[in-house]
Amino acid sequence: MIPLWLIPLFPLLGAIILGIISLASSDSQKGAPEFLLGFIGLLFPLLSFMAVLSLSFGGANTPIQETLGTWIDISFLQIQFGFLFDSLSKMMLLFVTGIGSLITWYSIGYMKHDRGFARFFAYMNFFLFSMIILVLADSLPLTFLGWEGVGLCSYLLIGFWHKDSQNAIAGNKAFIVNRVGDIGFLIAMLVLLSVGGSAFLSYEGLNAGLAGLSQAELVKIIPALALAAFFFFFGCTGKSAQIPLLTWLPDAMAGPTPVSALIHAATMVTSGVYLLARLSNLFVLVPSVLSIVLWIGLLTAFWAAVAGLFQNDIKKVLAYSTISQLGFMFMAAGVAAFDVAIFHVFTHAFFKAALFLGAGAVIHSLSGEQDMRKMGGLIQKMPITAIVMLFGFFAIIGFPGFAGFWSKDLILEKLFEFGAMGPYLYAFALLTAVLTAVYMGRLIIMTFFGSYRGSLEKSESIHDPSFSMLVPMLILTIGSAFAGYLWATLIPGANWFEQTLAPVLSSAQNHIHVQSVIHLSPLVFALVGTVAAFFGLFLAWFIFNRPVPLSKDSSDPKGFGASWTFLWDTIHQWTSVFLVKMASWFMSVVVNHFVLFVQWLLVGIVEILSDGARAIQVRKVRLQMGLSFVGILFVILIVYVYGGAV
Amino acid sequence: MIYPFLPDLLLLALAFLVLFLSLITSKNSSLPRWAASSGLIVIFTLLNLIPINHQIPFLFSTWKIDAFGLFIREFLIFAAFLGISLSKNYFNSNHKTSKSMLQHPEFIALILFATLGGFVVVSASDLLTLFLGLELATIPLYALSAWNKKDILGSEAATKFILMGSVATAFELFGFSYLYGFSGSIFFTDIIAQSLSHTNSPLLWIAVLFLFAGIGFKLTLFPFHTWAPDVYEGSPTPVTAVLSVTSKGVAIAFMAILIYGPLKQVHLQIMPIIALLAGTTLVVGNLGALKQHRLRRFMAYSSIAQAGYLLLALLGPASLAKPAIVYYLLVYTAANFTVFFIISVVERTRSASFNSLRGLSAENPFLAISLAIALFSLAGIPPLAGFLGKFQLFLNVAHAKYYGFLVFAVLNNVIALYYYIQVLKSAWVDPQDSKSPKLQILKTEKAWIALLSVFTLVAGLLPIINDNIFKILQSF
């Protein structure tokens, strides 16, 4: 049996080795050979993927719990440093390490001739390490360690090309907005700690503790649990870019495209959904918070889909579609269908990674051009990339048979069955699905159809990427076509995914049981979903299949400088940022000067006293001795008056 | 099984051996020094092997070897070893400079005798042994401080030291005689028994007061500290280092043995006096250090303040105070010796003042970093060992519920930080003086400074040493 700690250890080793190489070669003009670095960079994620594979399919299906030692041991807090490998973490690990390896592979070609090659792979490995810790942890504090680790890597990789200060600003923004969410995570942990002690901080302890509560006890602590759940969700809105903390993700596209594919689409941003599923037993106890999750998910999905319609940067469209799809996942979690949410995380990882890698290939061959207004007609020049993107496109809009079709339909179905409100929720989500097809159709049409509008003189130089980049793209393409069959509702028996997750999630999901008002066959949902996808597709064709007006304004990331995150940046600006700036003004002008004044006063007094103390220091022995005698008399006096013979 | 008495006997023999070797070897032979160093290592090893808690009949009294005594012995050996290593270069240089000294073997032997005095103090179970030990620990230091006969300042320092020291001894003897008069016995057990029933006896209180005054001289407590700046500045640097570490260590061990031994029945009543002495010492030491510009005088004030901090430990119960004292002494030794090693490097070519440190960070980053580590440790900044040490000292104050006093002591630490940073400012911020001669650093000095700095870092980061001291002291 492979010990669990090997899984995170591999990428950690990779990060350390590559980090040392990167530091050691930082002075040289050329840097270490890229072939070797790429090999090391890919080897460790791959090893870790192998380890996950052999654990998942080689061993027994029972959860593995491994405690490495005591992490924190103080009177009110005992945390074990341990890993938990159950079906939920297995599922997450499979695609985190699998897709992580694929995208690392792709990056070897994408990052070629970049001076920061070693640094890039060191970051990527460190990201995988943190992500594995996040998923594999058996306690909330350890998950938080991974949670912070991925945030750090996200920051480092968004600002990877830090010579351009816009990229650095974008990285800062992502980090700061995420930190706002992290405070929610911390508060929630503190609330759990104060409710149930250290036991509530480990997942097993929390589940056992919640299950063991009597009804009376439960009623007493429900408000605290609701608070904890709410703040956990607040943390998730930061990491998973939901309302109100969604503004950082579009900016995060400043990083290299493989990073956007891995971190800002496939893995890190879905950790919010993972946390919800991990804490499902807590969330189902507080339906009020779950309904907040549901509504935030619905609104975010819709809002981001609308915003996606107005973007000209190809990566930014994909960023908004990621936010929108994450909204779908939270919808599913909001109706307590955590397994469906994780399933959508799973399929989304494939097709969104494929879309991003395709977009990366396009950007790469157009020498860094990201503006879709300067693309067009690329299907003739890079057919394989176009096919990859089209597969991803079909998957995301829910074209029958593709991965997104199965997972999105399941979400819609669960929404519909959610009590009396269900049909309305369903309609709203369906509208968002139509919008998805429209804005994604716009992307495909503007990029691949029509005629080339770019400025590259030799348009012959535009071509499909090299072999090493193509293979991962094609594997992901296969995934986006077929990953859905792991849980295809229309095919009897094809529900491996549901069965695998059942041991972890079923108890929570059975806890909430809302009767659906109308019973419909899954076939009906499939049909309606298909119609919605086609409708959106035709809409996109009619609206966007026409010459694109050329525009001069750039679509670079601008940090807080522009309102293109669709109002939310402005809202942040006027609420939190403004308040913080006011507070900092107050601190720097009023409080600081007051403190300075007190400081000068104290220093003045101390200096005067110091002169006094030095005055005692006489050079003559007679005087020194005399002073000591006076001192003794003084002590005797004090003892006589106060102490001693009391 | 090793005879528990062996390390103490060996140390006595070692001191005579060194003297003997100096007779049969040539003048500049390093054999006595090697013998002393290796002998100290052997004794240190033996100390770790002998069984804890032993009472050996010795003349009319008993020779006590407990865990606290063992730890203080180990600390004393550590300090003596460092002192001998530091002194080496003062004897090796050519004889023309005013700083060079002669007769290194005798110098070493005196340090060993002083160390033996410390051994005797922690083994005492009666007043006579205690007194003899303290004197044995002090008298060699008088001679050591006057080692450099050519130096007028050194002679002045030694004269002052011996005058003040004699007065202190007189106070102690006076106190002891009253303690004897109070209990009719010189044995600790009898004194404890007597003080159980006669807590308020004026005889006892006169004894306590005079004992405190006497030891106050040795520990440089206010108002008995006045000799320290002059003596520390006038003596040769290795002697200053030994004075500030060994003699302080012996004095605080002496106090701990008195307070948790014969005086333990009146500990609660003595506490206000301890707090008073510690508080005033802290203020005077810290304030005095504030405007110093000469390194050794500065270190004198710093060590006065450190004595105040050490005294804080005696407010707590024995189980908390003894580990705190032992650990802080170790930490203090490492940091203090780092500084003195650096001072000895600096004063090889320059004067021992703050100005000589200017631009040290550019000229010799290694020294500048070590200096920062040592001074921050002395100031008690985490994660260095000094933080943990000071924390435990303060813990004793908190245990005695002297919360207001605790705040006062911690605030004093702010002043301490200020003047320690003043030194660092010279080393890190002030620009280099282009006219000053270059520093010459020897390999052995470099090694010692590096080792001590690593010790200071590791002892702060890994709680192993601290944990062990706690466990051993609390289980025996």
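The values are calculated or read from the model by the stated rules, or taken from the named source; none is laboratory data. Since the structure is predicted, the reported quantities are computational estimates derived from the model, not experimental observations. Heads up, the Cβs are rebuilt from the backbone with ideal geometry, glycines too, and the neighbour counts pull from every protein chain shown.
Out of the residues in region B:241-295 that are outside any helix (DSSP H, G or I) and out of contact with any Lys or Arg (no Cβ under 7 Å at 6 or more places or on another chain), which is surrounded by the fewest Cβ atoms within 10 Å (Cβ to Cβ)? Working first, answer last.
If we filter region B:241-295 for residues that are outside any helix (DSSP H, G or I), which is where we start, we get B:261-263, B:290-294.
Applying the additional criterion that residues be out of contact with any Lys or Arg (no Cβ under 7 Å at 6 or more places or on another chain) yields B:261-263, B:290, B:292-294.
Details: B:261: 19, B:262: 30, B:263: 22, B:290: 21, B:292: 23, B:293: 11, B:294: 16.
Out of the qualifying residues, it is B:293.
Before we move on, is residue B:175 assigned to a helix (DSSP H, G or I) and closer than 22 Å to residue B:121 by Cβ?
Details: assigned to a helix (DSSP H, G or I): yes; closer than 22 Å to residue B:121 by Cβ: yes.
In short, yes.
For a quick check of your reading of the model, give me the residue pairs whose first member lies in region A:20-33 and is of a type in the set (A, V, I, L, M, F, W, C), whose second is not in a loop (DSSP other than H, G, I, E, B), with beta-carbon atoms closer than 7 Å and at least 6 apart or on different chains.
From region A:20-33, the pairs are A:21/A:37; A:21/A:118; A:32/A:21; A:32/A:118.
I'm trying to understand the selection: among the residues of region A:392-418, which are of a type in the set (A, V, I, L, M, F, W, C) and outside any helix (DSSP H, G or I)? Walk me through it before giving the result.
First, pick out the residues of region A:392-418 that are of a type in the set (A, V, I, L, M, F, W, C): A:393-397, A:399, A:402-403, A:405-406, A:410-412, A:415-416, A:418.
Those that are of a type in the set (A, V, I, L, M, F, W, C) and outside any helix (DSSP H, G or I): A:399, A:402, A:418.
Looking at A:99, A:40, can you tell me which residue is outside the structural domain of residue A:358 (by TED's automatic domain parsing), surrounded by 23 or more Cβ atoms within 10 Å (Cβ to Cβ) and in contact (Cβ under 8 Å) with a residue 40 or more places away in the chain? Full working, then the answer.
Working: A:40 fails: surrounded by 23 or more Cβ atoms within 10 Å (Cβ to Cβ).
So the residue among A:99, A:40 that is outside the structural domain of residue A:358 (by TED's automatic domain parsing), surrounded by 23 or more Cβ atoms within 10 Å (Cβ to Cβ) and in contact (Cβ under 8 Å) with a residue 40 or more places away in the chain is A:99.
Hand me the list of helices (runs of 4 or more DSSP H) wholly inside region B:392-476 holding 2 or more residues that are within 25 Å of residue B:301 (Cβ to Cβ).
Details: elements: B:403-428, B:443-461, B:464-475.
By residue number, B:403-428, B:443-461.
Pick from region B:203-228 the residues that are β-branched (Val, Ile, Thr) and outside any helix (DSSP H, G or I): which of them is farthest from the other protein chains (Cβ to nearest Cβ)?
Here the residue is B:220.
Filter region A:1-19 down to the residues that are part of a helix (DSSP H, G or I) and touching a Ser or Thr at 6+ places or on another chain (Cβ under 7 Å), then identify the one that is surrounded by the fewest Cβ atoms within 10 Å (Cβ to Cβ).
The residue in question is A:10.
Can you tell me how many residues within region B:186-202 are within 11 Å of chain A (Cβ to nearest Cβ) and part of a helix (DSSP H, G or I)?
Residues that pass the stated criteria total 1.
Taking helices (runs of 4 or more DSSP H) that do not extend beyond region A:249-355, which have at least 3 residues that are among the hydrophobic types (A, V, I, L, M, F, W, C) and surrounded by fewer than 24 Cβ atoms within 10 Å (Cβ to Cβ)? Working first, answer last.
Details: elements: A:257-261, A:271-278, A:280-283, A:287-308, A:314-334.
Correct list: A:287-308.
Go through (1) more than 10 Å from chain A (Cβ to nearest Cβ); (2) surrounded by fewer than 19 Cβ atoms within 10 Å (Cβ to Cβ); (3) modelled with pLDDT of 90 or more and name the single condition residue B:163 misses.
(1)
Across region A:591-646, which residue is farthest from residue B:227 (Cα to Cα) among those that are more than 10 Å from every other protein chain (Cβ to nearest Cβ) and among the polar types (S, T, N, Q)?
By that ranking, first place goes to A:592.
Suppose we keep only residues that are surrounded by fewer than 22 Cβ atoms within 10 Å (Cβ to Cβ) and touching a Ser or Thr at 6+ places or on another chain (Cβ under 9 Å) within region B:130-141. Which one would you say is nearest to residue B:175 (Cα to Cα)? Don't jump to the end; show me each part of the working.
Of all residues in region B:130-141, those surrounded by fewer than 22 Cβ atoms within 10 Å (Cβ to Cβ) come to B:131-132, B:135-136, B:139.
From what is left, the residues that are touching a Ser or Thr at 6+ places or on another chain (Cβ under 9 Å) are B:131, B:135.
Values: B:131: 11, B:135: 15 Å.
Applying the filter and picking the extreme gives B:131.
Are any of the residues in region B:343-353 part of a helix (DSSP H, G or I), within 21 Å of residue B:304 (Cβ to Cβ) and aliphatic (A, V, I, L, M)?
Scanning region B:343-353 turns up at least one residue that is part of a helix (DSSP H, G or I), within 21 Å of residue B:304 (Cβ to Cβ) and aliphatic (A, V, I, L, M).
Does residue A:387 qualify as being part of a helix (DSSP H, G or I), surrounded by fewer than 24 Cβ atoms within 10 Å (Cβ to Cβ) and assigned by TED's automatic domain parsing to the domain that holds residue A:467? Give the derivation first.
Numbers: part of a helix (DSSP H, G or I): yes; surrounded by fewer than 24 Cβ atoms within 10 Å (Cβ to Cβ): yes; assigned by TED's automatic domain parsing to the domain that holds residue A:467: yes.
Yes.
Test residue B:53 against the criterion of being within 20 Å of residue B:331 (Cα to Cα) and surrounded by fewer than 16 Cβ atoms within 10 Å (Cβ to Cβ), and give yes or no. Steps first, please.
Numbers: within 20 Å of residue B:331 (Cα to Cα): no; surrounded by fewer than 16 Cβ atoms within 10 Å (Cβ to Cβ): yes.
Against the criterion (within 20 Å of residue B:331 (Cα to Cα) and surrounded by fewer than 16 Cβ atoms within 10 Å (Cβ to Cβ)), residue B:53 does not qualify.
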